[in-house]
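The structure appears right after this line, and notes come after that.
The values are calculated or read from the model by the stated rules, or taken from the named source; none is laboratory data. Just so it is clear, the model here is predicted, and its values are computed rather than measured. Here the Cβ positions follow ideal geometry from the backbone for every residue, glycine too, while neighbour counts run over all protein chains shown. Just the protein is used for accessible areas: all its heavy atoms, side chains included, with ligands, DNA and RNA removed. Shrake-Rupley method; radii C 1.70, N 1.55, O 1.52, S 1.80 Å.
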Amino acid sequence: MYTDQIIYSKLPRHIAIIMDGNGRWAKEKGKPRVFGHKSGVTAVREVTEAAAELGIEYLTLYAFSTENWSRPTFEVNALMTLLVETVKQELATLNKNNIRLKAIGDLSGLPKKTRETLLQGIEMTAQNTRMTLVLALNYSSRWEIVEAAKKMALDVSEGNLNIDAVNADVFSGYLNTKDIPDPELMIRTSGEHRISNYLLWQAAYAELYFTSVLWPDFRKEHFYQAIIDFQNRERRFGKTSEQVSERNLEN
Ligand code: FPP
């Protein structure tokens, strides 16, 4: 099994996933796109379980981007309904497994029912400590960064923040992800090699992993493979290879 190859002392704390390929998966089967999204929920369950079992602290899933509103109304409505149903259905399992639900994105732009169910799910799992499952909903990085810049500018203009004190850490504190460590690994399924406005600031040093597997087919084994690939890479953070191996010796 792949899990034998995982080094538990070198697990990423935070993994972010772009769940892509639901539509193509459905098309291949001669089914409507919405069937692909529904089947994608099985993959969501699989990775959430796998991540919690391994001891990953944060798992962020790109469930609906700001750009997704431009899809046909029928598909958007179906996705919103699916979210409500899934959150409701999985709530007991999340609590049983001590998993906390969180969301990033412009939640005020979601339909009332979706927002309310989501906020309820967040509230009812707030005490859980094993892992945080973050749903990116009506999310786009550029929106998040612009909002952060506006809030920061307001603090400066009202005298609550000294502009000379602003640095990357201070700025991070204005993002939706302020209490979440940066992802070390970002996975995208379906063979697309793009970041698509997802965690642009936070993924500055993330290792990117692309797989041709379509999201509804993504299973624990694929997730393990991504982690093993991550662990075999040398993470240098701008240093030389020699400096990195010296640091490793010291540790
Ligand atoms: C991308 O596939 C997928 C989405 C836009 C939605 C992802 C949503 C789910 C998996 C449903 C439930 C999620 C949660 C967290 C409850 P695509 O439609 O872009 O596929 P394509 O590129 O093949 O068209």
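So what is the accessible area of region 36-142 per residue, in Å², with the probe set to 1.4 Å?
Details: 4930 Å² over 107 residues.
On a per-residue basis, 46 Å².
Once a ≥ b ≥ c are taken as the square roots of the eigenvalues of the Cα gyration tensor of region 127-186, is the result rounded (a/c under 1.5), prolate (a/b larger than b/c) or oblate (a/b not larger than b/c)?
Numbers: a/c = 2.26, a/b = 1.84, b/c = 1.23.
Since a/c reaches 1.5 and a/b is larger than b/c, the shape of region 127-186 is classed as prolate.
Taking a ≥ b ≥ c as the square roots of the Cα gyration tensor eigenvalues, with a/c under 1.5 meaning rounded and otherwise prolate when a/b beats b/c, else oblate, which class fits region 1-135? Walk me through the intermediate numbers first.
On the way: a/c = 2.03, a/b = 1.29, b/c = 1.57.
Verdict is oblate for region 1-135.
Whole-Hz Karplus ³J(HN,Hα) for region 7-22, in order, using 6.51 cos²θ - 1.76 cosθ + 1.60 and θ = phi - 60°, x for Gly and Pro?
Taking θ as phi minus 60°, the curve returns 8, 5, 7, 10, 6, x, 6, 9, 10, 10, 10, 9, 7, 10, x, 4 Hz for region 7-22.
Ignoring everything except DSSP H segments at least 4 long, calculate the 222 nm mean residue ellipticity for the chain; use -39,500 (n - 2.57) per segment, divide by total residues, nearest 500.
-14000 deg cm²/dmol
Quick one: ranking Met186, Met124 by accessible area, 1.4 Å probe, largest first, what do you get? Mind showing how you got there, number by number?
Details: Met186 5, Met124 105 Å².
Reading off the accessible areas and sorting them downward yields Met124, Met186.
Give the accessible surface of region 149-251 per residue, rounded to a whole number of Å², with probe radius 1.4 Å and ligands, DNA and RNA excluded. Intermediate results must be reported in sequence, preceding the final value.
Numbers: 5890 Å² over 103 residues.
Per-residue accessible area for region 149-251 comes out at 57 Å².
How far is it, in nm, from the label point at Ser108 to the one at Gln120 when both lie 7 Å from their Cα along the line to the Cβ?
Taking the two extended label points, one gets 2.3 nm.
Mean-square fluctuation check for the chain, GNM, Cα pairs under 10 Å: which of Ala206, Ala168, Ala226 is largest?
With Cα springs under 10 Å in the chain, the top fluctuation among Ala206, Ala168, Ala226 is at Ala168.
Grab the Cα-Cα distance for Tyr205 and Ser245, subtract it from 0.36 nm times how many residues apart they are, and report the gain in nm with one decimal. Don't skip to the end; give the middle numbers.
Numbers: separation 40, 0.36 × 40 = 14.40 nm, distance 1.81 nm.
Extra length available between Tyr205 and Ser245 comes to 12.6 nm.
With a 10 Å cut-off between alpha carbons and a GNM built on the chain, which of Thr125, Thr73, Thr117 moves the most?
So, out of Thr125, Thr73, Thr117, the one fluctuating most is Thr73.
Hey, what do the phi angles of region 42-57 turn into as Karplus ³J(HN,Hα) couplings, whole Hz, using 6.51/-1.76/1.60 and θ = phi - 60°, x for Gly and Pro?
4, 5, 4, 4, 4, 5, 5, 5, 4, 5, 5, 4, 6, x, 5, 7
As a test of the definition: which semi-axes, in Å, follow for the chain when you take the square root of five times each eigenvalue of its alpha carbon gyration tensor? Largest first, please.
On the way: eigenvalues 160, 136, 64 Å².
Calculated on Cα positions only, the semi-axes equal 28, 26, 18 Å.
Once you've got the GNM for the chain with C-alpha springs shorter than 10 Å, pick whichever of Asn232, Asn167, Asn97 has the biggest mean-square fluctuation.
Evaluated over the chain, the most mobile residue of the options is Asn167.
Share of the chain's accessible area from carbon and sulfur, percent, 1.4 Å? Let's see the in-between values first.
Numbers: 6670 of 13200 Å².
On the chain, the fraction of accessible area on carbon and sulfur atoms equals 51 percent.
Can you give the Rg/Rh ratio of region 38-101, where Rg is from the C-alpha atoms and Rh is the Kirkwood radius? Write down the numbers at each step before the final one.
Numbers: Rg = 13.2 Å, Rh = 13.1 Å.
Here the Rg-to-Rh quotient is 1.01.
Largest first, what is the accessible-area ranking of Ile7, Ile17 with a 1.4 Å probe? Kindly include the intermediate steps, with their values, before the conclusion.
Details: Ile7 70, Ile17 0 Å².
Result, largest first: Ile7, Ile17.
For region 1-63, place one equal point scatterer on every Cα, skip the solvent, and apply the Debye formula. What is log10 of I(q)/I(0) at q = 0.12, 0.21, 0.23 Å⁻¹?
-0.40, -0.86, -0.94
Calculate, in nm to one decimal, what Ile228 and Glu49 gain on full extension: separation in residues at 0.36 nm each, minus their alpha carbon distance. All intermediate terms of the calculation are to be shown ahead of the outcome.
Numbers: separation 179, 0.36 × 179 = 64.44 nm, distance 1.73 nm.
Length gained, Ile228 through Glu49: 62.7 nm.
Leaving out ligands, DNA and RNA but keeping every protein chain, what accessible area does Leu110 have, in Å² rounded to the nearest 10, with a 1.4 Å probe?
Counting only protein heavy atoms, the figure is 10 Å².
Can you send over the solvent-accessible area of Asp164, 1.4 Å probe, protein chains only, in Å² to the nearest 10?
140
Principal axis lengths of region 119-239 from Cα atoms, whole Å, largest first?
Rounded to whole Å, the extents work out to 52, 43, 26 Å.
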